[in-house]
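Inspection log for the structure reproduced underneath, given as C-alpha cells.
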Amino acid sequence: MKYCFYIGLLLNILLLQACKKKAVAPPVQIANLKSASSFPVGAAISSIGLQNNYVYQGTFITEYNSLTPDYEFKFDQIEQQQGHVDYTACDYIINFALQYHIRVHAHTLIWHQALPAWVLSFSGDSLAWENLFKTHIQTEAAHFKGKVSSWDVVNEAIRDNNGALRNNDIQTGDGSIWRRHLGPDYIARAFQYAHEADPGAFLFYNDYGQEWNGPKLDSMISLVNKLKQRGIPISGIGMQMHTDINVSNNNLTSALQKLAATGLKIHISELDISVNPNNKANIVFTDTLQLAQAAKYQFIAETYRAIVPAAQQYGITTWEFSDHDSWIPAFFNRKDWPLPFDADYKKKPAYYSLLKGLKN
Ligand code: G3I
C-alpha cells in the first residue's frame, strides 16, 4: 500500500514537471543577410574600399559570404601593356576572401568594355586574334585556378535593341571587338578555354535587361540552351538586375521562370534598385521612395527563392552595398540611392526588407 502511495506521488511530480511551460527560447535574431539566407549573399567590392575603409570592410564581412570584384579582374586592369600581367589587386582580394571564408565570383574574362588600349588597337589576322583571346582567358583563369568558385566568362554579348549579338558598331560602345574578329562562336570557345584552364570553376554567361527586355531575354535563353545542347561547359546565367522601383513584378517573375527552366544555376549578379530612373534633377529620397525600394528588394528575394529550385540558386549579389559606392549616380549623372546601405553604411529600409525576403 505504502509503495503505491510513493509511486503515485512520484508520478504526480513527474507529470507536474512535464506540464511546466517549456521555457520558450527567444526567437533567434537573424543578425545579418548571410545568416538569413539558404544561398550565398554577395556584393561587388573594390580592393580600394577593403583596404582603406574599415567601415566598408567591417560591414562587408558581417553581412556577406560571397564577393564579386568590381573591376580588378578585368582586362584593362590586369594587362595594361601586352604581355605584362599584374594580379596584385586581384591577389589581395583572393587573400582577403580566403581569410574570411568568402566565396569569390570572378568577373569577367570576356567583355566588349574595360579593354586595354593595346587590345582596342590590335591589328592581326583571325589566328592572331584567336591567340590573343585564348591566351588572355587561359592565363587569367589558370592564375586563379582553385581560388575562385566561378567566373563570368562572357559578359553582355547581346544587344539591347534586337537581341542579336553585339558586332561591328564599336564606335557607339555597343559593338563587340570579339565578335568582329572571332566570329559569333567566340562565346562557345570562351567557355571551352576557361574550362580547360580551370575545370573546377562554375562558368556563367552574364548580362542585364532580362526583366524588361523580352527579345534580349529570349535571345539569351536560346544562346545558353544551344551551348548546353552542344556540350559546351556552361554552368549558369548571371541576371545582373540593375533595375528600378518601377520594374514590373510580373516581368521579374516571368524572367526568373524562363531562366530557371534552362536548368542552369541562376545568379542575380549585380542587383541594385534605382529610385530615380527618370533622372529627376530635384528628387528627394522620401519615405515613400524608401518603402517602394524596400518592397522591391523583398519581392526580388522572395521570388528568387520561390521560383528558382534550390539546386540552381547560385545566390544574390548586389553591385556594391552602400549608396556611397554605387556606380549609378556618376554613370547617369543623377542623384540616386540604389543599395541596401546608405552613404554612411547605415542600414536602410531596403536592408531590412531584403533580410525578410531572404529568410527561410
Ligand atoms: O582605380 C583605378 C585606377 O587605379 C586606375 O589608374 C584607373 C585607370 O585604369 O582605373 C581605375 O579603375 C576604375 C574603376 O572603375 C574604379 O573606379 C576603372 O578605370 C573604371 O573603368 C571602373 O569602372 C567600372 C566599370 O564596370 C568598368 O570596369 C565600374 O567601377 C563598375 O561598377 C562597372 O561595373 C559593370 C560590370 O562590370 C558589368 N555590368 C555593368 C556594371 C556597371 O557598369
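Projecting label points 7 angstrom from Cα along Cα→Cβ for LYS228 and LYS346 puts them 4.6 nm apart.
Computed FRET efficiency, Cβ-Cβ of ASN250 and THR172, R0 41 Å: what is it to the nearest 0.05? Taking R0 as 41 Å, the efficiency between ASN250 and THR172 is 0.85.
A cut-off under 9 angstrom between Cβ atoms defines the neighbours of ALA36, and their net charge, with Lys, Arg +1 and Asp, Glu -1, is +3. Near ASN213: Cβ cut-off under 13 Å, other residues only, Lys/Arg at +1 and Asp/Glu at -1. The net charge is -2. Length gained on full extension, ALA128 to HIS101: 5.7 nm, using 0.36 nm per residue less the C-alpha separation. Only Lys, Arg, Asp and Glu carry charge here, each on its Cβ (+1 for the first two, -1 for the last two); on that basis the chain has a dipole of about 1860 debye about its Cα centre. With point charges of +1 on the Cβ of Lys and Arg and -1 on the Cβ of Asp and Glu, referenced to the Cα centre of region 33-358, which listed residue (SER121, TRP319, LEU354) lies farthest in the positive direction of the dipole? The Cα lying farthest towards the positive end belongs to LEU354.
Can you sort TYR87, TYR100 from fewest to most other Cβ atoms within 10 Å of each residue's own Cβ? The most exposed by this proxy come first: TYR100, TYR87. Under the simplified labelling scheme, the TYR92-ASP185 pair shows an inter-label distance of 4.2 nm, with each label point 7 Å from Cα along Cα→Cβ.
Coordinate-derived values only; no laboratory data. Everything quoted here is computed from the prediction, not taken from an experiment. Cβ coordinates were reconstructed from backbone atoms using ideal geometry, including for glycine residues, and neighbour counts include every protein chain displayed.
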